[in-house]
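Take a look at the structure set out below.
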Amino acid sequence: MAAALIDGKAIAAQVRAEVAAGVAEWVAAGHRPPGLATVLVGEDAASAVYVGTKQRTSAEVGIRGFDHRLAADTPEAEVRALIERLNADPEVAGILLQLPTPPHIDGSALSGEISPEKDVDGLTAVSAGRLVKGAPGLRPCTPAGVMELLRRHDVVLEGAEAVVLGRSELVGKPVASLLLAANATVTTCHSRTRDLPEVCRRADVLVAAVGRARMVRADWVKPGATVIDVGTNRTEAGLAGDVDFDAVREVAGLITPVPGGVGPMTVAMLLRNTLTAASLAAS
Ligand code: NAP
């Protein structure tokens, strides 16, 4: 029997509706609306689209947007000064520096200057450290989205064998930490892992985040497993995940499609992080 689909679009819409209700309640309690500041340096077309989507969806849930667009030749010191101002601004609950930045700006170092309490991308060293230590903090959006999909489908993680394909700071490592925190037995794989198919076949929950179109084959998957495909690869045939969806669907129990699986969750979790940041700042 073909696997059931995890509808990320529908779940992301639910999360956005919950955030909208949370924001309305927050404002009704006398607080200022949570503010999300985005900082975009330069004219990269894809980045401009991402920032536009984040601002538009924020507005839809009642989050106030502060959309900072700086010329490509803006000196690094000026971007740093803006981040310092936003760190100190009580109207701003969350700050996001859109990457990549132009070559003369060290985007990763500058992101690190965002206050951990406003780090709604959850990617700074402090946020990563809090995650690994199991301390409260803002979690990275795509990994948090993966966990939300699993939670809404009541996927049992306690004691489960989870295999994460990929060890990036953005996806693989934080997903592995979150699964570990949920009491799964976690194996992280990467380009030097020996006998990848064999390791993957152990997984009750398999999360693929490698950036290789359709790499995970049907015979890598344990019958009935839950398969979460984070990959978004542009191919001649269109957008493809890291999982050979049509074949794997015949083996897995539950699976995310691409598009329409993990992708829509990322912005939804960003909105949730912004509301969380606002309430943490006030507590
Ligand atoms: P990344 O930084 O390139 O990391 C890829 C990881 O996969 C690395 O750890 C790499 O191993 C491993 N890998 C690459 N080729 C492999 C192979 N043949 N066998 C085993 N492991 C291999 O990528 P990322 O940023 O984590 O992104 C992964 C995918 O998720 C991409 O398709 C990206 O577009 C997508 N993504 C989607 C969203 C979303 O919102 N849906 C968000 C972020 C990313 P090494 O460490 O050994 O090099």
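Please verify whether Gly94 is of a type outside the set (S, T, N, Q), at positive phi and at pLDDT 95 or above, treating the condition exactly as stated. If you could, list the steps in order and put the result at the bottom.
Working: of a type outside the set (S, T, N, Q): yes; at positive phi: no; at pLDDT 95 or above: yes.
For Gly94, the condition - of a type outside the set (S, T, N, Q), at positive phi and at pLDDT 95 or above - is not met.
Test Arg214 against the criterion of being closer than 23 Å to Ser127 by Cβ, within 13 Å of the ligand (Cβ to nearest atom) and among the charged types (D, E, K, R), and give yes or no.
On the way: closer than 23 Å to Ser127 by Cβ: no; within 13 Å of the ligand (Cβ to nearest atom): yes; among the charged types (D, E, K, R): yes.
No.
Can Ala247 be described as more than 15 Å from the ligand (Cβ to nearest atom) and farther than 24 Å from Glu158 by Cα? Let's see the steps before the verdict.
Working: more than 15 Å from the ligand (Cβ to nearest atom): yes; farther than 24 Å from Glu158 by Cα: yes.
In short, yes.
Residues checked against (1) farther than 22 Å from Thr53 by Cα; (2) of a type in the set (S, T, N, Q); (3) over 19 Å from the mean Cα position of the chain (by Cα):
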position: Ala88; (1), (2), (3): yes, no, yes
position: Val92; (1), (2), (3): no, no, yes
position: Pro100; (1), (2), (3): no, no, no
position: Gly107; (1), (2), (3): no, no, no
position: Ile114; (1), (2), (3): no, no, no
position: Glu117; (1), (2), (3): yes, no, no
position: Val120; (1), (2), (3): no, no, no
position: Leu123; (1), (2), (3): no, no, no
position: Val126; (1), (2), (3): yes, no, no
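Of all helices (runs of 4 or more DSSP H) completely enclosed by segment 1-90, which ones contain at least 1 residues that are among the charged types (D, E, K, R) and within 20 Å of Glu117 (Cβ to Cβ)? Spell out the reasoning first.
Values: elements: 8-28, 45-60, 76-88.
Filter on segment 1-90 gives 45-60, 76-88.
Test of understanding: among Thr274, Thr266, which residue is away from the ligand (no atom under 15 Å from the Cβ), hydroxyl-bearing (Ser, Thr, Tyr), assigned to a helix (DSSP H, G or I) and surrounded by 17 or more Cβ atoms within 10 Å (Cβ to Cβ)? Quick ask: steps written out before the conclusion?
On the way: Thr266 fails: away from the ligand (no atom under 15 Å from the Cβ).
Of Thr274, Thr266, the one residue that is away from the ligand (no atom under 15 Å from the Cβ), hydroxyl-bearing (Ser, Thr, Tyr), assigned to a helix (DSSP H, G or I) and surrounded by 17 or more Cβ atoms within 10 Å (Cβ to Cβ) is Thr274.
Go through segment 144-176 and give me each residue that's in contact with a Gly (Cβ under 9 Å, 6 or more places away or on another chain), over 16 Å from Ile255 (Cα atoms) and either outside any helix (DSSP H, G or I) or not small (Gly, Ala, Ser) (or both).
Within segment 144-176, Gly166, Ser168, Lys173, Pro174, Val175 meet the criteria.
Considering only segment 132-149, state which residues are under 20 Å from Leu280 (Cα atoms), touching a helix residue (DSSP H, G or I) at 6+ places or on another chain (Cβ under 8 Å) and among the charged types (D, E, K, R).
Across segment 132-149, the qualifying residue is only Arg139.
Where residues in segment 200-214 are crowded, with 18+ Cβ neighbours inside 10 Å, without any contact (Cβ under 8 Å) to a residue 40 or more places away in the chain and under 22 Å from the mean Cα position of the chain (by Cα), which of them is nearest to Ser168 (Cα to Cα)?
Narrowing segment 200-214 to residues crowded, with 18+ Cβ neighbours inside 10 Å: 200, 203-210, 213-214.
Filter again for without any contact (Cβ under 8 Å) to a residue 40 or more places away in the chain, leaving 200, 213-214.
From the residues that got through so far, the ones that are under 22 Å from the mean Cα position of the chain (by Cα) too are 213-214.
Working: Ala213: 17, Arg214: 19 Å.
Taking the candidates together, the pick is Ala213.
Identify, from the list Gly231, Gly224, the residue that is surrounded by fewer than 24 Cβ atoms within 10 Å (Cβ to Cβ) and of a type in the set (Gly, Ala, Ser).
Values: Gly231 fails: surrounded by fewer than 24 Cβ atoms within 10 Å (Cβ to Cβ).
One residue alone meets the criteria, Gly224.
Out of (1) out of contact with any Pro (no Cβ under 9 Å at 6 or more places or on another chain); (2) touching a residue at least 12 places away in the same chain (Cβ under 8 Å); (3) of a type outside the set (A, V, I, L, M, F, W, C); (4) more than 20 Å from Val262 (Cα to Cα), what's the single condition that is false for Gly94?
(1)
Could you list, in sequence order, the residues of segment 154-199 that are loosely packed, with under 15 Cβ neighbours inside 10 Å and more than 8 Å from the ligand (Cβ to nearest atom)?
Asp154, Val156, Glu158, Gly159, Asn183, Arg194, Asp195, Pro197, Glu198
Here is a check on your reading of the model: is Gly253 near the ligand (Cβ under 10 Å from one of its atoms), touching a strand residue (DSSP E or B) at 6+ places or on another chain (Cβ under 8 Å) and not hydroxyl-bearing (Ser, Thr, Tyr)?
Values: near the ligand (Cβ under 10 Å from one of its atoms): no; touching a strand residue (DSSP E or B) at 6+ places or on another chain (Cβ under 8 Å): yes; not hydroxyl-bearing (Ser, Thr, Tyr): yes.
No: the conditions fail for Gly253.
Output the residue which, of all residues in segment 217-243 that are in contact with a Lys or Arg (Cβ under 9 Å, 6 or more places away or on another chain) and of a type in the set (Asp, Glu), is farthest from the ligand (Cβ to nearest atom).
Ranking the candidates gives Asp219 first.
The values are calculated or read from the model by the stated rules, or taken from the named source; none is laboratory data. These numbers come from a predicted model, not from an experiment. Every residue, glycine as well, gets a Cβ built from its backbone with ideal geometry; the counts of neighbours run over all protein chains shown.
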